[in-house]
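Worksheet for the structure shown next.
The values are calculated or read from the model by the stated rules, or taken from the named source; none is laboratory data. Quick caveat: nothing in here was measured; it's all calculated off a predicted structure. FYI the Cβ positions are ideal-geometry reconstructions off the backbone, even for glycines, and counts take in every protein chain you see. Ligands, DNA and RNA are excluded from the accessible area calculation, which covers all protein heavy atoms including side chains. Shrake-Rupley method; radii C 1.70, N 1.55, O 1.52, S 1.80 Å.
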Amino acid sequence: DRLDDPRDVFLRELDLPRGAERELVRDPERDRTYELNGTDSRLLATVGAFRVVSQRDLESEPNPTDDARKSLAHLEGQGLTRSALRGPGERVVFLTGRGRDLLEASRRERDHEHRGDARQEFYAGLRKPRELSHDSQVYRAFLRAEARLRSQGGRVRRVALDFELKREYQRFRQRRNRGRKDSDGRPDNDVREIQAWAREHDLPCFDGHVHVPDVRIEYEDRDHYRQHEDVEVTTEHYRGAHAAVSVQSGFTCYRGGGGLSGRGSRGR
């Protein structure tokens, strides 16, 4: 029997194989067919949800019935993932365009199970190669937070990376410029509007900026109320003003390569 697997949440909206045997999966947009089993599906969706994940973390899979190393080789052999060096002897994994397209093509129609949830976003490619050391640790921080939330009776529904939250913020900032030929592209929101947007999205706003975590974990608590936890990965480079902002933001901070470093002071 499979143990509870924190990666299963990323398959919630997808019509992909869950079992041990590989099945044919077709992407009608690209007119391509792939072979996937449950381990392949979980890894593909997990990498897509976090954009870039340490290969070591993926191979230290939370379920002993999986063989993640073979699965990763299989996915790369089918052109669905690629890997890159993060540092000496350490690789990271990310989706190719074909991998992301397969996930998008496999989305099920929304049903009553989702109860109006925002959909899980998936990403392909390396966005900021110089930030691989930091970004590849976000999944590791998620695993620690998910285990704690689950021990408290919580159930994760999806994750939203900083890319998604920043995109929503920029849409808000540019909403008056859309469709205007005479616009110079500069946002004209005043401070009160920005603060109201931040409150609506439960994000901290100080020093003239809205601050966004590395990942927002959306979950149901033991009483089935919708909650979220904002998580920031801190590294040895987080010093001075940068470290102070992380604390003031009230995010749950995880030390890169270590454990929970505590929460900031922002009230919920």
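Annotations
- The single condition among (1) in contact with a strand residue (DSSP E or B) (Cβ under 8 Å, 6 or more places away or on another chain); (2) open to solvent by less than 20 Å² (accessible area, probe 1.4 Å); (3) in a helix (DSSP H, G or I) that V9 does not meet is (2).
- Output for region 73-89, where each listed residue is more than 13 Å from S41 (Cβ to Cβ) and either free of Cβ contacts under 8 Å to residues at least 24 places away in the same chain or assigned to a helix (DSSP H, G or I) (or both): A73, E76, G77, G79, R82, L85, P88, G89
- Residue in region 9-22 that is over 22 Å from the mean Cα position of the chain (by Cα) and charged (D, E, K, R) present: yes
- Restricting attention to region 20-47, the residues that are part of a loop (DSSP other than H, G, I, E, B), surrounded by 13 or more Cβ atoms within 10 Å (Cβ to Cβ) and among the hydrophobic types (A, V, I, L, M, F, W, C) total 0.
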